[in-house]
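The values are calculated or read from the model by the stated rules, or taken from the named source; none is laboratory data. Since this is a predicted model, take the numbers as computed values, not measurements. Cβ atoms come from the backbone with ideal geometry, glycine included; neighbour counts cover every protein chain shown.
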C-alpha cells in the first residue's frame, strides 16, 4: 500500500500536466499565436480542473464528514494548475536556447517536487479518513494513474 501512496503525488501532477513531463525538445516548436503554449489536455490551462475535482469527489463518494479534507485536496489540485500555468507563461512560443531548455526542465522538476509534497500533505489525511471501499477506489483512480 505504501508504494501506491508514494506514487500518488507524481501520478496526480502528471495527470494535471496532461501526462507529459518536460522532454528534450519540448519547447522546440512554437505554439500557434491564438493558442497557449503546449497542448491543453487534462486541465493544463485550468479549464478542466473543476471537472476533474468533481469527478474525483463523486467517484470517491466523499461524505459530509470528509468535505473539509477533500476541500484541501481540491485546493492543492488548483494550486498545481496555477503553478504549472505560471511556469509555462515564462515562455512566449520562441524556441529557447539549449540553456533555456535546461533551465525550463529544472524549473518544471522543482515545481513537480513542490507539488508532490503539497498534494501528499493534503491527500494523506483524506485517505486516512476514507472507508475501506473508498480507499480501494482511491487506489484504483490515483495510484494507477487514472485519477483526475
Counting only residues that are outside any helix (DSSP H, G or I) and modelled with pLDDT under 90, how many does region 104-148 have? 5
Just a yes or no: is a residue in region 77-100 surrounded by fewer than 15 Cβ atoms within 10 Å (Cβ to Cβ), modelled with pLDDT under 95 and within 24 Å of residue 138 (Cβ to Cβ)? yes
Inspect all residues belonging to region 122-130 and state whether any of them is free of Cβ contacts under 8 Å to residues at least 24 places away in the same chain and exposed (fewer than 13 other Cβ atoms within 10 Å of the Cβ). yes
For region 43-59, state whether one or more residues are over 16 Å from residue 120 (Cβ atoms), buried (at least 19 other Cβ atoms within 10 Å of the Cβ), modelled with pLDDT under 50 and in contact with a helix residue (DSSP H, G or I) (Cβ under 6 Å, 6 or more places away or on another chain). yes
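Could you list all residues from region 57-93 that are part of a loop (DSSP other than H, G, I, E, B) and within 23 Å of residue 132 (Cβ to Cβ)?
To start, the set of residues in region 57-93 that are part of a loop (DSSP other than H, G, I, E, B) comprises 61-63, 90-93.
Within region 57-93, 61, 62, 63 meet the criteria.
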